[in-house]
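No value in this document is a laboratory result; all are computed from the given coordinates. Just so it is clear, the structure is predicted and the values come from calculations on it, not from any experiment. Cβ coordinates were reconstructed from backbone atoms using ideal geometry, including for glycine residues, and neighbour counts include every protein chain displayed.
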Amino acid sequence: MSDHDHDFPKTTVTQFVLALLGGLFAPGLVIFMIIKMVLGIQATHIPDSDAAVAASKVIERIQPVGEVAVADANAGPHVDKPGEQVVKETCSACHGSGALGSPKIGDKGAWGPRITQGYDTLVKHAVAGIRQMPARGGNAELTDTEVAGAVAYMANQGGANFKAPAPKTEAAPAAEPAKK
Ligand code: HEC
């Protein structure tokens, strides 16, 4: 009698094994995923919770801006940009379209009377500004030589034949040790 009680039918055994596997495996999988998720969250959050690391990340983010300043101050001599580049980057904002009544690039009618003033006067006006024309085209970082190069580039497109000064490479006295 008692023997008969323990004689489970085959299907019940199979169901039991499946239920056992499912019961062990499914929670195991869930626990594994939770652990992975927590580790993942920790991996992304621990560095940020450290103030020093967070600060260094901020420095990293603003690096491109900083690099320009560093390059200007310390990283060797300043090299003047060619006039064409200065015009493209700064002057064409107005002179490209003739905005604010500026002589438009390539417009010989507009540049003719300006050119008759002479190169030096035009450069002086471009450096110091004149009426609606801001000093150095509003870009204070441009050197006199860069502005002069830009003036020559624009005026020459308007019929002039000015020769821009050679781009200067500013001497960096401290950078090169005296040779003995
Ligand atoms: C914000 C607009 C603006 C920008 C940017 C600008 N200009 Fe001008 N520029 C003007 C205007 C407006 C005039 C006309 C001024 C006038 O004669 O009343 C002018 C005139 C000039 C003249 C003629 C000056 C004269 O005596 O007839 C030169 C040369 C000149 N600009 C050079 C430059 C150069 C070089 C740059 C770039 C480094 C530049 N400009 C950027 C607005 C601009």
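Charged neighbours of GLN157, selected by a Cβ distance under 11 Å, balance to 0 (K, R count +1; D, E count -1). A simple packing score, the average count of other Cβ atoms within 10 Å per residue, orders the peptides 23-35, 77-89 as 77-89, 23-35, with the highest score first. For region 118-147, trypsin sites (Lys or Arg not before Pro) are listed when DSSP marks them as loop and at most 15 other Cβ atoms sit within 10 Å of their Cβ; the list is ARG131. Give me the net charge for the shell around SER102: Cβ to Cβ below 12 angstrom, other residues only, Lys and Arg +1, Asp and Glu -1. Net charge around SER102: +2. Our estimate of slack between VAL58 and MET37, defined as 0.36 nm per intervening residue step minus the Cα-Cα distance, is 4.9 nm. Using a/c under 1.5 as the rounded threshold, could you call region 83-157 rounded, prolate or oblate? The axes a ≥ b ≥ c are square roots of the C-alpha gyration tensor eigenvalues, and prolate needs a/b larger than b/c, oblate otherwise. Verdict is rounded for region 83-157.
Each of the peptides 12-20, 112-120 was scored by the mean count of other Cβ atoms within 10 Å over its residues; in descending order, highest first, they stand as 112-120, 12-20.
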